[in-house]
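Here the structure comes first, spelled out in structure tokens, and everything after it is commentary.
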Amino acid sequence: APDALQQLLRTGAESQRIGLIGPLMVQSQRRARVDLIESCGLTLTPIGRLVPAVEGGEPDQGQLSAMAVLGVDASAALVRRDVWQQANGVVPQLPSALAGLELGRQVNSSGRRVVAEPAARVVRATPAPPDPVEQRAWELRLASSDGSLWTRLRLLIGSLLGALGFLLGKDAARAGAELRAIGAWLGDREAV
């Protein structure tokens, strides 16, 4: 939207504690009169699965207000310069949603806040679907970044149960992708 940057700046000027601000990401619906919400802020489930803080697919009718989140989509985020320099930017190998989540994690751990501002609307014309194996492997890497054995075990068990759930739900492709992602995550010594 023409005023998206202005809305992000206005929210950022409210407090020096806000280090990262993200807009409401919408999918433009050419045939419908309203746009559909894609995401507005990001968070992780206890088993390390990336989920939007606001459920996608709902019509955007201006029903949301600014909220604290774990991360935002990096493709349209506004970040304070000192925060950017302290975090050394985003990890270039990550998809934009996960890059924003990792940047948000660093911002939150430095004592700053991450905020999603739905008054700033950014339209994503055609979202590129990520590779499900790569996406899930990166989700597991990010969720296990604290390095504790308990976290890694919880993620492993949760992911194995998730794969079993996909298999019981007759979605063998997602079950296979989950298992391949677990293998990629466990086999990546550099990430550990």
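The values are calculated or read from the model by the stated rules, or taken from the named source; none is laboratory data. These numbers come from a predicted model, not from an experiment. Glycine also receives a Cβ, built like all others from the backbone with ideal geometry; neighbour counts cover every protein chain displayed. Just the protein is used for accessible areas: all its heavy atoms, side chains included, with ligands, DNA and RNA removed. Shrake-Rupley method; radii C 1.70, N 1.55, O 1.52, S 1.80 Å.
Using the Cα atoms of the range 41-151 to build a convex hull, what is its mean projected area in square nanometres?
Details: hull surface 31.1 nm².
Dividing the Cα hull surface by four gives the mean projection, 7.8 nm².
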Review point. Within the chain, which DSSP H helices have Cα atoms that stretch 15 Å or more along the helix axis and a mean Kyte-Doolittle hydropathy of at least -0.5?
Key: 96-109, 149-168, 172-187
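If you wrap a convex hull around the C-alpha atoms of the range 129-192 and split its volume per residue, what is the figure in Å³?
70
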Check your understanding: Around residue 67, which amide H atoms from residues at least 5 apart in sequence, or from another chain, sit under 5 Å from its own amide H, with H modelled in the peptide plane?
Key -> 116
Practice item. Evaluate Rg over Rh across the range 64-120, taking Cα atoms for both radii and Kirkwood's formula for Rh. Key: 0.94
Practice item. Taking all protein chains together and a probe of 1.4 Å, list 81, 136, 180, 10 from the most accessible to the least accessible. Key: 81, 180, 10, 136
Practice item. Report, in debye and to the nearest 20, how large the dipole of the range 70-174 comes out about its Cα centre when Lys and Arg carry +1 and Asp and Glu carry -1 on their Cβ. Key: 160
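Taking only protein heavy atoms and a 1.4 Å probe, what accessible area per residue, in Å², does the chain have with all protein chains in place?
Numbers: 10590 Å² over 192 residues.
Value for the chain: 55 Å² per residue.
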Revision key, fill the gap. In nm², the average projected area of the convex hull spanned by the Cα atoms of the chain is 11.8
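May I have the convex hull volume per residue, in Å³, for the Cα set of the range 1-88? Please list the in-between numbers first.
Values: hull volume 10.8 nm³, N = 88.
Dividing the Cα hull volume of the range 1-88 by its residues yields 123 Å³.
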